[in-house]
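Before any comments, here is the structure.
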Amino acid sequence: MNAKKRSYHTMRDFLFVVFKHKVLIISLFLIIFLIAAVSCFFIPSTYEARAKLLVKEPARQTIALTKSQDTTRYTSNTKKQADIDLAVQLLKGRYLAEKVLDTIGLETLFPHIDSNEPEKALFALQNSLTVSGGTIIDVVFLHSNPALAAQTVNILVEEFLEHYLSVQKQEQQYEFFKNQVELIEKRLQKSQKELGLFRNEHNISSIQKQKSLLLLQISDLEVELAKIRAAVSEQESIAKANKKSSAEAVQIQQKIIALKSKDKKLSQHITRYKVELNRLDKAETRLRELERRVTMDEENYLLYTKKMEEARITSAMDEQKLITFSIIEPALQPLVPVKPHKSLILLTAVIIGLLGGLLLALVSEYFTHTFDNAQDIEEILGCTAMTALPELSSDEINLIKAGKLPEKIHTKCNRIKQYVIQTFPDVQDRTILLNGPNEGEGTSLVLLNLALALASEGGKVLVVDANLRNPTLHNLLNVEQTNGLAEALGGDISTDTVIKNTQVSNLMIISSGRPPANPFALLQSEQFERLLQELKTKADWILLDSPPIHTYNDAGLMGPKTDGVAMVVKAGKTRWEVAASAIHRFQQCNAKILGAVLNRQKMHIPEWLYKIL
């Protein structure tokens, strides 16, 4: 029998999965939430300081000579936007960043950066700075210290105002770019000199050619080395194989010594070449780094040279046409950090925790092939679900041992009773074997519940503890284990002697008896079949307990000799494939499957919610 897939169609099915895996969902939710909460305390706070600059246009006298008024307005707007773009670039540029670092101090602003790494500090400052252009220019700086954040922005803005005027002025603008070109030219010369010295020091004319030559030499030497080692092996073989005179033997040994000496020299050459090859690899890496630095300096040199030329060409501009900037809102020390967004992080953690928990529950349910309700038995196993019995407390189990059915399973046990009565209308065909696929299914307790329900109808019920491996019925009904089925099958005592009355009216029991040496042989004997036929004349119903079919094959012997087999599967434990395999084994031995009872079912959904759904 092939197990089918369980289907989910209703909100009740979804909520069942949720409540079933509520511990898993809550655990994952708490883990994610706690990680987020702890992270909020360990992530360093970041403060945002902001200053605003107003772009002011100077008063102009519009004189339309050959251009129209629209053209003049367009030219003015274009010039304004160009000046704003220049201001933004200056605010984000290296020059002002260096000024800020010199004023505040690298160790003060970035204590975690080594003072010998100014480039790294400049990168960190520029990476934390944001400038947006428009009629109002926003200058924003992020730092873990709120006071330093505000101080940095204010110094940057003040330096910008002074620097912008010097850049826009005719001579000073040109001088500025000229000075920058000179500085960059010196840096370029230094980089080129360093590159040249490196090449001369390491004698690097063509690293790739040198590497190729070394690889070729190593390859040739390794081939020659292999030939020498082969010759050594050949000479050693000759020395061992031939009985030569002492002079010839000495001559062969001398050849071997000479070859080994050559072997050693070649190995030393190969090692030296490999060391040289490794040195060339490192030199090549350093060479690429120096070449990149030279290329970068060349690009900067060309850029600033171009800017210098543009400044020279535009040196005749009227200073009265300059756009000016004024501070309309200096940076104040921020009081509240902008990062981390604790409320957003916690809200995100809540959403991810809940969704992740639900997803994990659905995935877990998908891969959990166990039975949850009676519908699963019919959909997955394709057999009748006789009923679903809930999990019982110890007090309720003690009540069953006393011969009374608890209120919460009374209706369900009557449902099993009605089903077997309708299935077996003939009094002569009422021998039922109860079996579970594995240990711990609760087969014996289910059998006792059915026996109590049938006994309440007035018919005589005989329960037979045919679980000779691990009997429990004698404990449930408080009778002695000895003088039972094992003795009857062994021919030691009569059938009437092994039948014991219980404290429940109309309910009798045959206990398992003393544990036999070979239970399988006893159940396989013809005496067992004769005993069953004889017991049919003494009771209206005969219920047989049996060991799990996947553990012992005893039930496979008894199944065909009874009138039907009722399977017992434990909710949340027995896997679909295991139950299906058990039914298939009974069908292979021609046993009739009456159906299956779901035992110890857990109602995960609260009763009030279940009724609403």
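The values are calculated or read from the model by the stated rules, or taken from the named source; none is laboratory data. Small disclaimer: the values here were computed from a predicted structure and weren't measured. All Cβ positions, even for glycine, are placed from backbone atoms using ideal geometry, and neighbour counts span all protein chains on display. When the accessible area is computed, the model is the full protein with side chains, heavy atoms only, and any ligands, DNA or RNA have been set aside. Shrake-Rupley method; radii C 1.70, N 1.55, O 1.52, S 1.80 Å.
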With 0.36 nm assigned to each residue of separation and the Cα-Cα distance removed, Ser394 to His604 gains 73.6 nm
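Rounded to whole Å and ordered largest first, report the semi-axes of the equivalent ellipsoid of the chain derived from its Cα gyration tensor (root of 5λ).
Numbers: eigenvalues 1656, 519, 77 Å².
Taking √(5λ) for each Cα gyration eigenvalue gives 91, 51, 20 Å.
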Relative contact order of the range 503-586 (C-alpha contacts under 8 Å, at least 6 apart) in percent is 24 percent
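When only Cα pairs under 8 Å and 6 or more residues apart are kept, what is the percent relative contact order across the chain? Show your work: numbers first, answer last.
On the way: 853 pairs, mean separation 120.3, N = 613.
The value is 20 percent.
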Output ordering of 462-470, 578-586, 435-443, 122-130 (per-residue mean of other Cβ within 10 Å, highest first) is 462-470, 435-443, 578-586, 122-130
Measuring from the longest principal axis of the C-alpha atoms of the chain, the long axis of helix 246-313 (C-alpha) lies at a number of degrees, nearest 10, equal to 60 degrees
The range 81-147 accessible area per residue, 1.4 Å probe, protein heavy atoms, integer Å², reads 51 Å²
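Got a number for carbon plus sulfur as a percent of the range 254-402's accessible area, 1.4 Å probe?
Working: 5590 of 9230 Å².
Answer for the range 254-402: carbon and sulfur cover 61 percent of the accessible area.
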Using alpha carbon centers only, the range 484-529 is separated from the range 565-613 by a whole-angstrom value of 29 Å
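Averaged per residue, what accessible area in Å² does the range 325-425 show with a 1.4 Å probe, protein chains only?
Per-residue value: 55 Å².
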Carbon/sulfur accessible area of the range 456-529, % of total, 1.4 Å probe, equals 40 percent
Taking 0.36 nm per residue of separation between Arg514 and Gln189 and subtracting their Cα-Cα distance, the length gained on full extension comes to 106.5 nm
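As a check on your grasp of the helix formula, calculate [θ] at 222 nm for the chain: sum -39500 (n - 2.57) over DSSP H runs of n ≥ 4, divide by the residue count, round to the nearest 500.
Working: 22 runs with 354 residues, N = 613.
Helix-only estimate at 222 nm: -19000 deg cm²/dmol.
Please work out how much length the chain gains when fully extended from Asp492 to Glu329, using 0.36 nm per residue of separation minus the C-alpha to C-alpha distance, in nm with one decimal.
Working: separation 163, 0.36 × 163 = 58.68 nm, distance 10.90 nm.
Stretched out fully, the Asp492 to Glu329 stretch lengthens by 47.8 nm.
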Excluding residues fewer than 8 positions from Lys538 in its own chain, the lysines with Cα under 19 Å of it are Lys460, Lys500, Lys561
For Lys240, the aspartates and glutamates lying under 17 Å Cα to Cα, once residues fewer than eight places off in the same chain are dropped, come out as Glu248
Simple spin-label estimate for Leu213/Lys22, 7 Å along Cα→Cβ, in nm, reads 8.1 nm
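Give me the percent relative contact order of the range 378-518, please, defined on Cα pairs under 8 angstrom at least 6 residues apart. Provide the component values of the computation, followed by the final result.
Numbers: 164 pairs, mean separation 30.9, N = 141.
Normalised by residue count, the contact order of the range 378-518 is 22 percent.
Using a 1.4 angstrom probe with every protein chain in place, what is the largest-first accessible-area order of Met386, Met11?
Values: Met386 10, Met11 110 Å².
Reading off the accessible areas and sorting them downward yields Met11, Met386.
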Filtered hits (lysines, Cα-Cα < 29 Å from Lys56, offset >= 8 within chain) -> Lys67, Lys79, Lys80, Lys92, Lys99, Lys169, Lys178, Lys306, Lys307, Lys321
Nearest-0.05 FRET efficiency for Glu107 and Gln375 at R0 = 60 Å, using Cβ-Cβ distance, is 0.25
Taking a ≥ b ≥ c as the square roots of the Cα gyration tensor eigenvalues, with a/c under 1.5 meaning rounded and otherwise prolate when a/b beats b/c or oblate if not, the range 247-404 comes out oblate
If one compares the long axis through the Cα atoms of helix 94-104 with the longest principal axis of the Cα atoms of the chain, the angle in degrees, nearest 10, works out at 80 degrees
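Give the accessible surface of the range 544-613 per residue, rounded to a whole number of Å², with probe radius 1.4 Å and ligands, DNA and RNA excluded.
On the way: 2900 Å² over 70 residues.
Roughly 41 Å² per residue, with all protein chains present.
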Pseudo-spin-label distance Thr130 to Glu175, built 7 Å along Cα→Cβ, given in nm, is 3.8 nm
Expressed in nanometres to one decimal, the distance between label points 7 Å along Cα→Cβ at His269 and Arg229 is 1.6 nm
For the chain, longest principal axis from Cα atoms; helix 146-168 axis from its Cα atoms; angle between them, nearest 10 degrees, is 30 degrees
